[in-house]
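Colleague: Below is the structure I would like to discuss, written out as structure tokens.
FYI, it's all coordinate maths here, none of it is from the lab. From a predicted model like this one, the values you see are computed outputs, not experimental measurements. Please note: Cβ atoms are built from the backbone with ideal geometry, for glycine as well, and neighbour counts cover all protein chains shown.
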Amino acid sequence: MAKYDNMEFEDLLFEADDLIRDNKIAQAVSLLESIISQAPDYGKAYNHLGWVYETKLRDYERAETNYRQCLAYTPEYPPVYLNMAIVLSTLGKYKDLEHLLKQALTVPGIDKAAIHNEFGILHELCLDYNAAIDSFKKAIQYSLNDNNVQTYMKSIERCRSKRDYFTHN
């Protein structure tokens, strides 16, 4: 895995971000593909490209492919874990998602509250409401954001309601 000491590629990523913000998606994709052609093992470019495919083009398969490339070349890059988690959840790839989330918790700088929230969503989608509640509680434990804590608390209440409904009906 190459490390890029010069800031050229980082600057190009910022340029791609600006293009995305300006809704110049084709230009952003072209720039990101250019970065990858110059530095095929520069993982961050794959993450950015995956994000474009996921959020702007709704091409989840291509997003997943790019996120996997980022993970292969830059597994220490925290943003790729949440990005890929959302895609795997969207695609219903729950076993892959569980493996990814476990891996994410070992990454320095990862947002543990967000990862536990994703675990909660995973368990809720798999109808394991008790495990979901436990995960949302862990998300609260690691969160320093009051708005997120409120969201996680609402998720706990939703799971409790679902659990109660399905155990009594």
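Colleague: Expected output is a single nm value to one decimal: the length gained when fully extending between GLU8 and GLN27, i.e. 0.36 nm times separation in residues minus the C-alpha distance. What is it?
Modeller: Answer, rounded to one decimal: 5.1 nm.
Colleague: Within 10 Å, count the other beta carbons around each residue, average over each peptide in 83-93, 29-39, and list them highest first.
Modeller: Result, highest mean Cβ count within 10 Å first: 83-93, 29-39.
Colleague: How do CYS70, CYS126 line up, fewest other C-beta atoms within 10 Å first?
Modeller: CYS126, CYS70
Colleague: Tilt of helix 8-21 relative to the longest C-alpha principal axis of the chain, in degrees (0 to 90, nearest 10)?
Modeller: Taking Cα atoms only, the helix is inclined about 60 degrees.
Colleague: While we're here: Once fully extended, how much extra length lies between LEU127 and GLN103, figured as 0.36 nm per residue of separation less the alpha-carbon to alpha-carbon distance?
Modeller: Value of the extension gain: 6.4 nm.
Colleague: Moving on to the next point. To make sure I understand, if each residue's beta carbon is the centre and we count other beta carbons within 10 Å, what order do HIS123, HIS99 fall in, fewest to most?
Modeller: Listing HIS123, HIS99 from fewest to most nearby Cβ atoms yields HIS99, HIS123.
Colleague: Which percent of Cα pairs goes in each bin when the distances of the chain are cut into 5 angstrom slices starting at zero?
Modeller: Spelled out per bin, shortest first, that is 2, 9, 16, 17, 17, 14, 11, 7, 4, 2, 1, 0, 0.
Colleague: Loop only per DSSP, at most 16 neighbouring Cβ atoms within 10 Å: give me the GluC sites (Glu not before Pro) in segment 39-143, ordered by residue number.
Modeller: Sparse-neighbourhood loop GluC sites (Glu not before Pro): GLU76.
Colleague: Determine by what factor the alpha-carbon radius of gyration of segment 1-80 differs from 2.2 N^0.38 Å, reporting the quotient.
Modeller: After normalising by residue count via 2.2 N^0.38 Å, the value is 1.00.
Colleague: Tell me, what HN-Hα J-couplings in whole Hz come from the Karplus equation 6.51 cos²θ - 1.76 cosθ + 1.60 at θ = phi - 60° for each residue of segment 153-162, using x for Gly and Pro?
Modeller: Per-residue couplings from phi come out as 5, 5, 5, 4, 4, 4, 5, 4, 5, 5 Hz.
Colleague: Quick one: helix 94-104 against the long Cα principal axis of the chain, what's the angle to the nearest 10°, folded into 0 to 90?
Modeller: Long axis of 94-104 versus the principal axis of the chain: about 70 degrees.
Colleague: Still on this structure: Can you figure out the FRET efficiency of ASP59 with LYS154, using R₀ = 25 Å and their beta-carbon distance, to the nearest 0.05?
Modeller: Efficiency at R0 = 25 Å is approximately 0.20.
Colleague: Determine, for the chain, the count of lysine pairs separated by eight or more sequence positions (or lying on different chains) whose alpha-carbon distance falls under 24 Å.
Modeller: Taking the Cα cut-off of 24 Å, the pair count is 29.
Colleague: Could you tell me how many degrees, from 0 to 90 and to the nearest 10, lie between the Cα long axis of helix 129-142 and the main elongation axis, the longest principal axis, of the Cα atoms of the chain?
Modeller: 60 degrees
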